[in-house]
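First the structure, in the form of structure tokens, and then the observations on it.
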Amino acid sequence: MKNVIILGSTGSIGRQAVEVIEQNRDRFRAVGLAARRDLEVMSTQIKALAPAAVCLVDEEAAEMLKQRLGGRGPQVYAGHDGLLEMITSVGADLVLAAIVGMAGLEPVMRALDAGMDVALANKESMVVAGELLTSLARARGARIIPVDSEHSAVFQCLQGSDPDEVERIILTASGGPFRDFSLEELAEVTVDDALRHPNWRMGAKITVDSATMMNKGLEIIEARWLFNVDYDRIDVVVHPQSIVHSLVQFRDGSVLAQLGYPDMKLPILYALGFPERIRTEWPRLDLTTVSKLEFEAPDVTRFPCLALARRAGKLGASAPAALNAANEVAVDYFLRRQVRFMDIPRLVEAVLDRHDLVPIRNLEDARRVDSWARRQVRAVVGGGL
Ligand SMILES: NC(=O)c1ccc[n+]([C@@H]2O[C@H](COP(=O)([O-])OP(=O)(O)OC[C@H]3O[C@@H](n4cnc5c(N)ncnc54)[C@H](OP(=O)(O)O)[C@@H]3O)[C@@H](O)[C@H]2O)c1
């Protein structure tokens, strides 16, 4: 039996992880759940999973949950510090990190520091502090197992191979809802358009990131740290059907890929069950009904976020943290309809252009860069772009 803590249990990944655990109660037990403030979904999950502890970061929501539970059920933690405390005091074999954004970094560090394995969906934490997280995991003997479908694919292809034999990693990208749009059309897209992803149902932030292709940019940086491969050996190929989830090319020229229908439950299950493959009754891939698998090169003129992320990754040090924070704020402005779609890359570029690199040696360094970059975006938007 594996004891699991789900961070971000009320989100898109979190809810799918709960489903996976419900379908495999003989293997996994959810001992802790955490979210920001979604009282209703958290209450349902408490009934379904009977965890030992839960946390709502929003203190008011946590208080309401306590009143609702009336002293029965799990121990309720509140606030950001409560979340960190819950991770260490409950303890688990595996922590599923599915909080969105930079807010997920400290909980991931806390779990790794306590020697717990982390199933990582929260790619932003790896972007902000990849070197820090991978060295912390090494030092504590904890594993970081990818949940992102592309990185799960690469991870699966790498099983049983020698890292020295890897020549290239090829990440696939759906291209998002605007794959065929011209620059003029991209300038006009609305929030509703951006939230309509053709293949995946996800949280709002990652859906917008997929539309700008910043998501793929963040994934390049994530792959660099997860698989210890230079940026020049990580490629992106647009694959609209999202059936081939990513590929690894080896030094003999052989290429391995992992395929499946676009459904995050599979990479979630693989990460929870690793190293075992757990039997499922989910639909099997029928290539004759898929019939067409297309691939094309990404266009960084129409999707500049991809090039910006690569630039930040290659600059190293604090550049990815600045890029990530700028993107989080820019996406938030876009979702609140205060900037336009193509302002997102403009804002990120403006921040990268004015950023002086500093090393990220600890959480405080990461936080300082993060706050600085957020202030820069607000200043640019406040100044009328
Ligand atoms: N969705 C996907 O298919 C997918 C695929 C690959 C990778 N990912 C990655 O997985 C992560 C989660 O994505 P998602 O789509 O599941 O996002 P989502 O649906 O927006 O869910 C985010 C979760 O994080 C919680 N949360 C937000 N801010 C928090 C904070 N400050 N402290 C504690 N909890 C907080 C939310 O709680 P409330 O509900 O209470 O607000 C919710 O449970 C992201 O990093 C994303 O890039 C997602």
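The values are calculated or read from the model by the stated rules, or taken from the named source; none is laboratory data. Because the structure is a prediction, the values reported are computed rather than measured. Note that each Cβ is placed from the backbone with ideal geometry, even for glycine, and that neighbours are counted across all protein chains shown.
Scanning region 136-150 for residues that are under 25 Å from Arg361 (Cα atoms) and within 16 Å of the chain's Cα centre (by Cα), we see that the one that is surrounded by the most Cβ atoms within 10 Å (Cβ to Cβ) is Pro146.
Elements of the type helices (runs of 4 or more DSSP H) sitting completely within region 180-247 and holding at least 1 residues that are farther than 20 Å from Asp299 by Cα: these cover 191-194, 204-212, 214-227.
Gly91 meets the conditions (1) modelled with pLDDT of 95 or more; (2) more than 9 Å from the ligand (Cβ to nearest atom) in every case but one. The failed one is (1).
Checking Ser125 against (1) farther than 28 Å from Gln249 by Cα; (2) near the ligand (Cβ under 10 Å from one of its atoms); (3) in a helix (DSSP H, G or I), only one condition comes out false. Which one? Evaluating Ser125 over (1) farther than 28 Å from Gln249 by Cα; (2) near the ligand (Cβ under 10 Å from one of its atoms); (3) in a helix (DSSP H, G or I) leaves (1) as the failure.
A quick yes/no check of all residues on (1) under 22 Å from Asn324 (Cα atoms); (2) more than 15 Å from the ligand (Cβ to nearest atom); (3) free of Cβ contacts under 8 Å to residues at least 60 places away in the same chain; (4) of a type in the set (Ser, Thr, Tyr):
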{"position": "Ala194", "(1), (2), (3), (4)": "yes, no, no, no"}
{"position": "Asn199", "(1), (2), (3), (4)": "no, no, no, no"}
{"position": "Thr207", "(1), (2), (3), (4)": "yes, no, yes, yes"}
{"position": "Ile220", "(1), (2), (3), (4)": "yes, no, no, no"}
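Quick check on my filter: what residues within region 39-76 are within 20 Å of Ala114 (Cβ to Cβ) and within 11 Å of the ligand (Cβ to nearest atom)? Answer for region 39-76, where residues must be within 20 Å of Ala114 (Cβ to Cβ) and within 11 Å of the ligand (Cβ to nearest atom): Cys55, Val57. Residues in region 287-294: is at least one assigned to a strand (DSSP E or B) and within 25 Å of Phe178 (Cβ to Cβ)? No, the conditions are met nowhere in region 287-294.
Any idea which residue in region 1-38 is nearest to Ile206 (Cα to Cα), counting only those that are more than 13 Å from the ligand (Cβ to nearest atom) and assigned to a loop (DSSP other than H, G, I, E, B)? Within region 1-38, the match that is nearest to Ile206 (Cα to Cα) is Asn24. With the structure loaded, tell me whether Met1 is of a type in the set (A, V, I, L, M, F, W, C), more than 24 Å from Thr280 (Cα to Cα) and touching a residue at least 24 places away in the same chain (Cβ under 8 Å) or whether it fails that test. Taking the combined requirement at face value, the residue does not satisfy it.
To keep it simple, each residue is scored yes or no on (1) free of Cβ contacts under 8 Å to residues at least 60 places away in the same chain; (2) surrounded by fewer than 24 Cβ atoms within 10 Å (Cβ to Cβ); (3) closer than 27 Å to Leu363 by Cβ; (4) out of contact with any Phe, Trp or Tyr (no Cβ under 9 Å at 6 or more places or on another chain).
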| residue | (1), (2), (3), (4) |
| --- | --- |
| Thr134 | no, yes, yes, no |
| Ser161 | no, yes, no, no |
| Ile170 | no, yes, no, yes |
| Ser174 | no, yes, no, no |
| Asp180 | yes, yes, no, yes |
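Each row is one residue, and each column tells you yes or no for (1) buried (at least 24 other Cβ atoms within 10 Å of the Cβ); (2) under 23 Å from Ile278 (Cα atoms).
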{"site": "Asn24", "(1), (2)": "no, yes"}
{"site": "Ala35", "(1), (2)": "yes, no"}
{"site": "Val41", "(1), (2)": "no, no"}
{"site": "Lys47", "(1), (2)": "no, no"}
{"site": "Ala52", "(1), (2)": "no, no"}
{"site": "Asp58", "(1), (2)": "no, no"}
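Within region 52-67, residues that are of a type in the set (Asp, Glu) sit with their Cβ atoms under 6 Å from residues that are within 12 Å of the ligand (Cβ to nearest atom), at 6+ positions apart or across chains, in these pairs: Asp58/Arg36; Asp58/Arg37; Glu59/Ala78; Glu59/Gly79.
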